[in-house]
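Down below is the structure, laid out as structure tokens.
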Amino acid sequence: MQIQEVINILEDFAPTAYAEDFDNVGLLSGDPTTQVKGALITLDTLEEVVDEAIEKNCNLIISFHPIIFSGLKKLNGKNYVERTIIKAIKNDIAIYAIHTALDNQHKGVNDMICEKLGLKNRKILTPRKQSIKKLTTFVPNKNADEVRKALFDAGAGSIGNYDNCSFNLKGSGSFKPNEEANPVIGEKGEVHFEEETQIGLTFPAHLEGKIINALFSSHPYEEVAYEITTLDNSNQHLGMGMIGELEEEQDEAEFLQKVKQNFNSGCIRHSELRQKPVKKVAVLGGSGSFAIENAKRAGADVYITADLKYHDFYKAEKKLVLADIGHYESEQYTKNLLHSYLTKKISNFALILAETNTNPIKYI
């Protein structure tokens with residue numbers, strides 16, 4: 001397989017269109033047409049990880065975090081980022097990063113955390129807006145079934161656990177072809193009325209190009225009338241963080257001890273315990289201070305995240321317990337998630353979990 005084919009599989013799972021604006025995802029270095037010998041899957045790409053890729057004959061590194069985050073003006077090897085990129089290029093090793101594209105996926109980073117905690121009834125904590133679009137088009141009645149099917153096959157019309165969803169309204173459309181037209185129905189220079197079906201359906205924003213291609217290839221008219229609008233609806237299957245419930249209520253201190261063990265945390269920094277049982281738990285892998293209010297509104301008893309600052313802990317206001325388990329610790333199982341997904345899709349070459357521990361934080 002070529003690197004681009006692997007990228008296509010990854011982006012079917014976590015489209016980079018849904019990465020945060022500040023992020024730097026995708027193929028960071030390397031030629032997408034290169035044949036893959038082996039892929040090393042890691043949380044971070046460091047010099048040691050490139051060394052591991054060389055040792056294990058992998059010419060593709062699939063990383064959660066991007067090694068290039070802000071702009072690089074020089075490549076002189078003066079810092080760990082430059083040295084890592086130089087070593088990868090010298091050894092013909094490509095680097096792909098997925099980061100917040102996977103953070104925002106329903107079955108992504110935060111679902112993995114929920115799995116480790118045994119949470120049920122999971123929902124997105126901060127559903128994403130403006131990621132759903134709506135197509136409205138007008139089709140001759142006799143062609144409506146064909147066009148609808150093409151649009152469904154392209155990924156339109158899925159709402160949660162339902163697919164083939166559309167709204168259809170029959171009416172009469174009019175048009176007059178000019179002398180340069182090549183009408184399928186009607187005559188040049190004459191107004192024609194055609195019994196048509198108005199078809200309306202929604203689709204994920206990242207599929208817009210595919211949906212338009214399906215519409216144009218299946219529609220009988222020379223000129224296709226259609227409208228696309230971006231909806232402000234919250235996408236319940238896309239967004240940062242998750243919230244779920246424990247099978248049974250647990251004591252706060254005992255629950256935090258279990259979290260510490262499950263995530264091998266050197267320590268857990270937390271706000272004041274409320275002396276109340278824990279049932280509802282919110283999670284957000286990585287830096288999650290921005291979603292504290294979301295966790296409160298969702299009724300979480302505990303919010304598990306990382307990178308909380310001193311003043312963030314005041315925001316608990318005894319309405320929930322804030323627990324900082326560490327950035328690396330909260331995302332460490334992401335590489336297992338990627339490995340599990342890819343092994344179901346690819347058998348052409350070795351997919352190897354990196355053994356290098358990339359956590360920069362140590363505990364006494």
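In segment 7-41, how many are open to solvent by less than 60 Å² (accessible area, probe 1.4 Å) and over 16 Å from the mean Cα position of the chain (by Cα)?
Of the residues in that region, 10 qualify.
Output the residues belonging to segment 150-199 that are touching a residue at least 60 places away in the same chain (Cβ under 8 Å) and open to solvent by 60 Å² or more (accessible area, probe 1.4 Å).
ASP153, GLN198 - these are the residues of segment 150-199 that are touching a residue at least 60 places away in the same chain (Cβ under 8 Å) and open to solvent by 60 Å² or more (accessible area, probe 1.4 Å).
Name the residue, out of PHE138, PHE69, that is modelled with pLDDT of 95 or more and either open to solvent by 40 Å² or more (accessible area, probe 1.4 Å) or under 25 Å from the mean Cα position of the chain (by Cα) (or both).
PHE138
Taking only segment 239-291 into account, find how many residues are assigned to a loop (DSSP other than H, G, I, E, B) and either within 27 Å of the chain's Cα centre (by Cα) or surrounded by fewer than 19 Cβ atoms within 10 Å (Cβ to Cβ) (or both).
Total satisfying the criteria: 14.
Consider only pairs whose beta carbons are under 6 Å apart and that are at least six residues apart or on different chains; among these, list those whose first residue lies in segment 99-113 and is within 15 Å of TYR333 (Cβ to Cβ) and whose second residue is of a type in the set (Ser, Thr, Tyr).
VAL109/THR334; MET112/TYR333
Going by the structure shown, is ILE212 open to solvent by 10 Å² or more (accessible area, probe 1.4 Å), of a type in the set (Val, Ile, Thr) and free of Cβ contacts under 8 Å to residues at least 60 places away in the same chain?
yes
Name the residues in segment 216-225 that are touching a strand residue (DSSP E or B) at 6+ places or on another chain (Cβ under 6 Å) and open to solvent by less than 40 Å² (accessible area, probe 1.4 Å), would you?
Correct list: empty.
Spot the failing condition for ALA97; the list is (1) surrounded by 20 or more Cβ atoms within 10 Å (Cβ to Cβ); (2) in contact with a helix residue (DSSP H, G or I) (Cβ under 8 Å, 6 or more places away or on another chain); (3) small (Gly, Ala, Ser), and only one is missed.
(2)
Tell me which residues, restricted to segment 228-238, are open to solvent by 90 Å² or more (accessible area, probe 1.4 Å) and part of a strand (DSSP E or B).
GLN236
Can you name the number of the only condition in (1) on the phi < 0 side of the Ramachandran plot; (2) out of contact with any helix residue (DSSP H, G or I) (no Cβ under 6 Å at 6 or more places or on another chain) that ILE268 fails?
Status for ILE268: all satisfied but (2).
Which of the residues that make up segment 292-320 are open to solvent by 10 Å² or more (accessible area, probe 1.4 Å) and closer than 24 Å to ASN121 by Cα?
Correct list: GLU293, ASN294, LYS296, ARG297, ALA298, GLY299, ASP301, LYS319.
Any idea which of VAL283, VAL259 is over 21 Å from GLU20 (Cα atoms), of a type in the set (Val, Ile, Thr) and at pLDDT 95 or above?
VAL259
Being acidic (Asp, Glu), within 26 Å of ALA205 (Cα to Cα), at pLDDT 95 or above and out of contact with any Phe, Trp or Tyr (no Cβ under 6 Å at 6 or more places or on another chain) narrows it down to one of ASP23, ASP51, ASP92, ASP31, so name that one.
Among ASP23, ASP51, ASP92, ASP31, only ASP23 is acidic (Asp, Glu), within 26 Å of ALA205 (Cα to Cα), at pLDDT 95 or above and out of contact with any Phe, Trp or Tyr (no Cβ under 6 Å at 6 or more places or on another chain).
With the requirement that a residue be surrounded by fewer than 13 Cβ atoms within 10 Å (Cβ to Cβ) and either on the phi > 0 side of the Ramachandran plot or at pLDDT below 95 (or both), what does segment 321-347 give you?
SER347
Just the residues that are under 16 Å from SER174 (Cα atoms) and assigned to a loop (DSSP other than H, G, I, E, B), please, taken from segment 213-227.
Across segment 213-227, the qualifying residues are PRO220, TYR221, GLU222, GLU223, VAL224, ALA225.
The values are calculated or read from the model by the stated rules, or taken from the named source; none is laboratory data. The model shown is predicted, which means the values in this text are computed figures rather than measured ones. Cβ: placed from backbone, ideal geometry, glycine included. Neighbour counts: every protein chain shown. These accessible areas exclude ligands, DNA and RNA; they are computed on the full protein's heavy atoms, side chains included. Shrake-Rupley method; radii C 1.70, N 1.55, O 1.52, S 1.80 Å.
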